[in-house]
Amino acid sequence: MWFELEDGRTVDVSIDANVPVERLESLVPGTGPLLIEGRPADLARPIGAIWEGSRLSRDGSNRSEPVVELIGRHGLDSGAAWKLAPGTYDLGGAGGPRIRVEPGPHVTRAVGRRNSESVALGGSFETAGTVWEVRRPRPVRNRPDPADGRRAFNRPPRLAVQPDPDPIELPELPEEPVPRARMGWAMLVAPLVMGAVMAIAFRPLMGLIALVGPLMLIMLWAEDRLRLRKARRVNAVEWKTRLEELELRLKKAAAEEIRRRETAHPSLADLVQYPVGLDEDLWARRTDHADYLGVSLGRGRTRWRPPTTGSSETIPVDVAALIAESSILSDCPVAVSLEEGEALGVVGDRPASLALVRAVLLRLAIQHGPADLRLAVLTIDPEEWRWCTRLPHIQVDPVSRRMRLGTTRPDIELVLRSLAEEDRDCVVVVDGLEPSVGSRVGKLVGGGRVSAIIAQDDCADLPGFCTSVVQVAGSSGDLRCIGESEPVRFRLDGVAPDVAAFAARCLHGIDDPEDRASSVRLPSVVPLARLVPVGGSKGFAREWSARPTGLSALVGMTEEGPFEIDLVEDGPHALVAGTTGSGKSEFLRTLITAMAAAHGPDRVNFALIDYKGGSAFDACERLSHVVGLVTDLDRYMARRALRSIT
C-alpha cells in the first residue's frame, strides 16, 4: 500500500494490512494528531481499512467551528468546497477576492469600491470566474471500509436513463372561410338596363320593380362579407390561442431539455462526491448509452432543435418564428462528444485551459469505468499532470503500476504504442508537445478507438484533425465545431489541482470488477506469517512429520490462493532471474525460510553461496538446516564450492 503526504510525496508501506494505523505516525512529520484525508485518524484501526492513496497529515491548528460552507458550483473553481468559521478570507489565496463570514451566518463580499453585498444561506454569488453557493456545512461522508486498502465497486444497471422527449404537434392554420355570394357585374347591370328601357317604354314604376333584383344581390353580397369578417376574426383569435399554447409547450420542452442535459452532465461539485461514497452513479455510463463519452465544458447559450412533427416546408411563418425563438437554450450545459475519431482543441489562457482539461478528464474518469475507457497524457510538464497518475483509467495494469503518462521521448513512444494495441476506447491528452507528436496521435485518432484533447497556446499550433476548438479567455470560452457557422460562447467549468488530486485519490482505491486487469489484482504485501506454520517448536515438529514426500514450500499468493513450489515435482533445479533491486535475494530468503518451516533438517539441508558478501543469506545462517555459508569474501572457499557443484 502507499499513501500521500501533505507535501505531495508518496510513501510505500510494506507491512501487514492487519497492523494498527498507529504504525503510520512515524511516516508523517510533525507532532499534532494524525489526520487521514483531513479527518482525525482512529489509531487502533487496521491499516487495511484505510483507503490506499489517502492523504496523511498532522492537525497543528486550533480551528474554530465552521458556520458556512462555500461550494464552487460553476466556473474556474468548480468542485471546490470550503468550510469556514467567522472571519475574513481571500478566495483563491492571497490577492484573491475577499469575503467575510459573519456569525449570522451569512457571507459579505465587496461589490465595487464602496458597496458590499450580503449573501444568506441558500444564496449564491459570482466572483473571480466562479459561482459560489452558500450553505450550512455538510456532514463528512463516511466512505465504506476497503479490504487491504482497496474495494471492488459493482456497477449497477443504469435504470434512470431519460427517454427521448415526445415530439410537439405543430398547430395548423384555421380553415380559411370561402365566400358564398359573388358580386356578378352582369347580374347587377342587366336588370338596371332592362328597368331603364321598361321605364322609358312603358311606365316609370316598371323601372322600380327592376331594381329589386340588384338590390337583393347587393344585400346578399354585404351579408356574406360580414360573415367572412366574423369568421376571420374568430380564426385570428383561434390562431392566437394555438400559438400561445405552442409557445407554452416549446418553453416547457426547452426547460425539460435543460433539465435533461443537467442530469446527463451534473455539476462537478456533485461529481467529485460520487467516488467518496461509492454512489450508484459512479461509472454509470456504458458503451451503449447515448451520452457515452459526452462531456460538458461549461454553461452558456446553445442551439437546440425542438422535437416537432410535420415538414419544415409546410410550417407557417408564425410557427417557424416561435421554433426559432425556442431553439436557443440559456444557461445550459455546453457539451461535446469525445467518441472515437473526435479531437478537441483547447487554446488560450494556459491556467484556465488546464483547469478546463482537468475538468474534462475528471468527468470522463468519474462517469466511465476503466473497463470501458482508458486515459493517457503526453506532456512537457509532468508536475502539472502528476495528479492524474492516481486515476485507475491511466494505469497500464494494476500490478506494475505503470502509467500512460509520457513526459520523455521514450515514455511517449511507449504510451503511443500501448494506445495502438488497446482494444478499449481511449482518450489521450496532448499538452504543448511538438507537431510530430500531434501527427502520431492524429494517426491513432483516424484509425483506432482513440480520441484526443490537444492543449496549445495558440490556435495556429493545433493539428488539423481537431473536430472542435475552444478558445479560452479568462473564465469564458468560445466553442467552434466543424459544420457550425456560429461559435457557442459559454462560461467554462474548470477544476483546481487540489480538487482534481482529491477526486483522483478517491478513485484510486476503487476496482472495476468488469475490468479484466483489476479483477485479478494481487495483494500488495504477503507477510510470511500467513504462509509458514505458527505455534513454536511443537508446531514446526507437527508440520515436519506431516510431510512424508516432496520438498514443497509456500512462497506467495496468486489471485486464486497460495502459490507453492515443489523442488521434487517442479525441479530439481531452479533459476531466479531479475534486474538489480527486483527482489531476487528477498525471494531466495523466503524460499529457504518457507522450506525450512515445512521440512525438518533430516529431509533438507542448505549449502549457501553468497556473492553479496554475506548480506543475502546472513539471516538464514542460524537455521539448523544450513550446513554451510560461503561468501565471495573468501575467494578460495567460493571457488571450491562452485567446483563441487559443477
#### Entry: Qualifying positions in the range 1-33 - open to solvent by less than 30 Å² (accessible area, probe 1.4 Å) and under 25 Å from R386 (Cα atoms)
M1, W2, F3, E4, L5, G8, V11, V13, L24, V28
## Note on the structure
If we ask which residues in the range 555-581 are assigned to a loop (DSSP other than H, G, I, E, B) and farther than 18 Å from F606 by Cβ, their number turns out to be 8
### Message
Looking at the structure I just gave you, is P165 open to solvent by less than 70 Å² (accessible area, probe 1.4 Å) and in a loop (DSSP other than H, G, I, E, B)?
### Response
yes
### Task
Identify all residues within the range 559-577 that are at pLDDT below 80 and surrounded by 11 or more Cβ atoms within 10 Å (Cβ to Cβ); write none if there are none.
P562
### Task
Kindly indicate whether any position in the range 595-602 is in contact with a His (Cβ under 6 Å, 6 or more places away or on another chain) and either closer than 23 Å to F540 by Cα or not hydroxyl-bearing (S, T, Y) (or both).
yes
### Task
Could you check, for the range 49-62, whether at least one of its residues is free of Cβ contacts under 8 Å to residues at least 24 places away in the same chain, within 23 Å of A359 (Cα to Cα), out of contact with any strand residue (DSSP E or B) (no Cβ under 6 Å at 6 or more places or on another chain) and loosely packed, with under 14 Cβ neighbours inside 10 Å?
no
### Message
When you scan the range 526-534, do you find a residue that is within 20 Å of R151 (Cα to Cα), part of a helix (DSSP H, G or I) and either touching a helix residue (DSSP H, G or I) at 6+ places or on another chain (Cβ under 7 Å) or modelled with pLDDT under 90 (or both), even just one?
### Response
no
### Task
Report whether or not S518 is surrounded by 14 or more Cβ atoms within 10 Å (Cβ to Cβ) and either on the phi < 0 side of the Ramachandran plot or modelled with pLDDT of 70 or more (or both).
yes
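Can you give me the ranges of the strands (runs of 3 or more DSSP E) entirely in the range 79-153 with at least 1 residues that are within 30 Å of L282 (Cβ to Cβ)?
The strands (runs of 3 or more DSSP E) meeting that bar are 81-84, 124-127, 130-135.
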#### Entry: Top-ranked residue in the range 86-98 [being surrounded by 15 or more Cβ atoms within 10 Å (Cβ to Cβ) and within 31 Å of the chain's Cα centre (by Cα); ranked as nearest to V499 (Cα to Cα)]
G92
### Message
Out of I394, I380, I412, I need the residue that is β-branched (V, I, T) and in contact with a Lys or Arg (Cβ under 8 Å, 6 or more places away or on another chain). Which one?
### Response
I394
### Query
Between residues in the range 390-407 that are open to solvent by 40 Å² or more (accessible area, probe 1.4 Å) and residues that are modelled with pLDDT of 80 or more and not in a strand (DSSP E or B), which pairs lie under 6 Å by C-beta distance while being six or more apart or on different chains?
M403/T389; M403/I394; T407/P382
#### Entry: Those residues of the range 129-152 which are closer than 30 Å to G112 by Cα and open to solvent by less than 70 Å² (accessible area, probe 1.4 Å), in sequence order
G129, T130, V131, W132, E133, V134, P137
### Summary
The strands (runs of 3 or more DSSP E) lying wholly within the range 406-516 that contain at least 2 residues that are farther than 29 Å from Y274 by Cβ and either touching a Pro at 6+ places or on another chain (Cβ under 7 Å) or not hydroxyl-bearing (S, T, Y) (or both) are 468-473, 476-481
### Query
Exactly one of (1) over 25 Å from R390 (Cα atoms); (2) within 24 Å of the chain's Cα centre (by Cα); (3) open to solvent by 30 Å² or more (accessible area, probe 1.4 Å); (4) polar (S, T, N, Q) is unmet by S337. Its number?
(1)
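The values are calculated or read from the model by the stated rules, or taken from the named source; none is laboratory data. Keep in mind it's a predicted model, so treat the numbers as computed, not measured. Every residue, glycine among them, receives a Cβ derived from its backbone with ideal geometry; neighbour counts consider all protein chains shown. Accessible surface is based on the protein model in full, side chains and every heavy atom, while ligands, DNA and RNA are left aside. Shrake-Rupley method; radii C 1.70, N 1.55, O 1.52, S 1.80 Å.
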